[in-house]
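Peer 1: This is the structure, below, for whatever I ask next.
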Amino acid sequence: VGTRKASDYGKRICSELINDLKSQNIQVISGLALGIDTCAHESALDCNLNTIAVLGHGFNRIYPHENKRLSEKIIENGTLLTDFSISMSMVPGNFPARNRIIAGLSDATIVIESGTKGGSLITADIALSYDREVFAVPDRVNMNSSSGCNLLIKSNKAALIENADDVVNYM
């Protein structure tokens with residue numbers, strides 16, 4: 001999970017992690033949001049891995065609309081999942097509820113680029129409450145886009161990872 005405004009660095013790290021973990025028979029679970037979520041789902045599909053997109057709304061309309069085609073690709077090699085009725089529209093309050101499903105389905109949550117507020121940290125906190133592993137990718141200390149990851153690491157809520165080997169060793 002991570003920011004909707006992912007940098008090239010964040011997208012590269014996300015893609016490399018998934019590519020390097022594909023031999024571990026992983027499944028990628030995220031929220032179909034723009035940014036890191038999109039990169040995670042696309043990378044999983046590129047690696048022929050199963051991916052689950054957990055929606056914060058019903059199936060009648062994909063949000064964000066930019067990911068409509070991606071959602072169609074996911075259906076071919078994965079799953080779209082929602083806790084909401086088919087006609088439920090996108091409401092911002094739905095996303096924390098969606099994040100509990102992401103955390104609950106995952107053995108580990110990896111946070112790549114996150115501010116100090118938002119869905120990524122909500123997902124990490126929920127994962128911790130479920131006694132799941134949480135990992136974070138660090139970045140420069142003066143970058144707002146990574147201040148959440150650095151905070152997770154600094155507060156011992158997440159293990160610092162730099163690559164797939166770190167994830168495998170922790171797990």
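Peer 1: Here is a list: Leu81, Leu34, Leu17. Which entry is closer than 17 Å to Ser114 by Cβ and not in a helix (DSSP H, G or I)?
Peer 2: Values: Leu81 fails: closer than 17 Å to Ser114 by Cβ; Leu17 fails: not in a helix (DSSP H, G or I).
Being closer than 17 Å to Ser114 by Cβ and not in a helix (DSSP H, G or I) holds for just one of Leu81, Leu34, Leu17, which is Leu34.
Peer 1: Condition first: out of contact with any Leu (no Cβ under 8 Å at 6 or more places or on another chain) and among the polar types (S, T, N, Q). Now tell me which residues in segment 15-42 satisfy that. Break it down stepwise before answering.
Peer 2: First, the residues of segment 15-42 that are out of contact with any Leu (no Cβ under 8 Å at 6 or more places or on another chain): 15-17, 19-21, 23-25, 30, 33-37, 39-40.
The answer is Ser15, Asn19, Ser23, Gln24, Asn25, Ser30.
A quick yes/no check of all residues on (1) open to solvent by 40 Å² or more (accessible area, probe 1.4 Å); (2) under 15 Å from the mean Cα position of the chain (by Cα); (3) at pLDDT 95 or above; (4) under 30 Å from Asn48 (Cβ atoms):
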{"position": "Glu66", "(1), (2), (3), (4)": "yes, no, yes, yes"}
{"position": "Glu76", "(1), (2), (3), (4)": "yes, no, no, yes"}
{"position": "Ile86", "(1), (2), (3), (4)": "yes, no, no, yes"}
{"position": "Ile101", "(1), (2), (3), (4)": "no, yes, yes, yes"}
{"position": "Ile112", "(1), (2), (3), (4)": "no, yes, yes, yes"}
{"position": "Gly118", "(1), (2), (3), (4)": "no, yes, no, no"}
{"position": "Met143", "(1), (2), (3), (4)": "yes, no, no, no"}
{"position": "Asn163", "(1), (2), (3), (4)": "yes, no, yes, yes"}
{"position": "Asn169", "(1), (2), (3), (4)": "yes, no, yes, yes"}
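Peer 1: Mind checking whether some residue in segment 11-32 is touching a residue at least 40 places away in the same chain (Cβ under 8 Å), hydrophobic (A, V, I, L, M, F, W, C), within 18 Å of His65 (Cβ to Cβ) and open to solvent by 10 Å² or more (accessible area, probe 1.4 Å)?
Peer 2: no
Peer 1: Still on this structure, I have one more. Anything in segment 120-140 that is of a type in the set (A, V, I, L, M) and open to solvent by less than 60 Å² (accessible area, probe 1.4 Å)? List them, or say none. I'd like the intermediate steps shown before the answer.
Peer 2: Narrowing segment 120-140 to residues of a type in the set (A, V, I, L, M): 121-122, 124, 126-128, 134, 136-137.
Passing the criteria: Leu121, Ala124, Ile126, Ala127, Val134, Ala136, Val137.
The values are calculated or read from the model by the stated rules, or taken from the named source; none is laboratory data. If you're wondering where the values come from, they're calculated on a predicted model, not measured in any experiment. Because the Cβ atoms are built from the backbone with ideal geometry, glycine has one as well, and the counts that use them run over all protein chains shown. We work out accessible area using only protein heavy atoms, side chains counted, and drop any ligands, DNA or RNA first. Shrake-Rupley method; radii C 1.70, N 1.55, O 1.52, S 1.80 Å.
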